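Any read-out appearing in this document is the output of simple, stated calculations on the displayed coordinates, not a laboratory observation. Worth saying up front: this structure is predicted, and the values here are computed from it rather than measured. With ideal geometry, Cβ positions are generated from the backbone for all residues, glycine too; neighbour counts draw on all protein chains shown.
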DNA sequence: CCGATAGCAAGAACTATTCTAAATTCACGC
DNA sequence: GCGTGAATTTAGAATAGTTCTTGCTATCGG
């Protein structure tokens, strides 16, 4: 997602389509805290296990709900490699992901300074990009 | 996948790790033909429906097997948007995909001439890229 | 405090995909 | 042409990550 963070904002104005604010419940706060605390791109299940330390009664479904809410409100990005379980990333800067086949670790990959995606891609005429996903797979040669 | 096409090649030399050639069965040929005939990034199920015209008794599992074999041998690329059903693309040039939210159509997106991914990304030191996936979502403004 | 709305929990349901086991096909040497 | 072993196909069962349903609970505005 391109950054458009929104946490608690002004009260609803009554205008129909206004995106609603995210209510920060105990569960959502804990899920978000867990994501910030250890930025290793955990799966929903990983998050579930970590959140249980603070909220032993939380259910996996709630973790999914919370992650969805956080993603929807652009506090967190969902990262998908092929059809593996989704992973979650609190880094909101535009960046890609490098999956190391040897270790399984996913590294954030930034653009070189000054580079914009639209500068390097031949986009369809009139294309308005709402979402960018760049996923790399490979290995870290030790040489 | 980075291009490394291999269809029928020379007979096996006896060397252990040589990647084996792809045996072109009726089913695989038909699946491949269908992908080349209509390059609209069909799902496995779409392919299944199309292949049935020529091979009415083919099973969905076989279509999955064939697609996997074709992907494995770099004749076809698998395209994943989030966790939606995988789509299949016979375009082997390095390119990305733009998913139009309004129509659902997926467009191929080429790099501007002369641009290499490594030129624009800050890769981890020593990273060897085996596979690149660039997925965009947005709309085609009619203006 | 009251009613309405949003969120939570537990488990069932869903669905794209993979696996299993048995039957078929194929390449190849004879 | 024909047997043989390996690869492939098939149909259906199984899997797994995720989403849905239902009833309960918390929260908010008034």
query = Given only helices, namely DSSP H runs of n ≥ 4 each adding -39500 (n - 2.57), what is the per-residue ellipticity at 222 nm of chain A, to the nearest 500 deg cm²/dmol?
reply = -7500 deg cm²/dmol
ask   = How high is the relative contact order of the range A:64-112, in percent, with contacts defined as C-alpha pairs under 8 Å that are six or more residues apart?
value = 23 percent
request  = Quick one: plug the Kirkwood hydrodynamic radius of the protein assembly as shown (C-alpha pairs) into Stokes-Einstein at 25 °C, 0.890 mPa s, and report D in µm²/s.
outcome  = 115 µm²/s
Label-to-label distance, nm, for residues given as residue A:142 and residue B:43 (7 Å Cα→Cβ offset) = 4.4 nm
ask   = What number in nm² do you get for the range B:95-138 if you take the convex hull of its Cα atoms and divide its surface by four?
value = 3.8 nm²
request  = Compare the peptides B:97-106, A:55-64 by average per-residue count of other Cβ atoms within 10 angstrom and give them in order, highest first.
outcome  = B:97-106, A:55-64
note = Sorted shortest first, the nm distances from the residue A:139 label point (7 Å along Cα→Cβ) to its counterparts in the other copies are 4.6
note = Averaged over residues of A:94-101, the number of beta carbons from other chains lying within 10 Å of each residue's Cβ is 3
request  = Kindly give the distances from residue A:33 to its copy-mates, label point to label point, with each label point 7 Å from Cα along Cα→Cβ, as nm values to one decimal ordered shortest first.
outcome  = 6.2
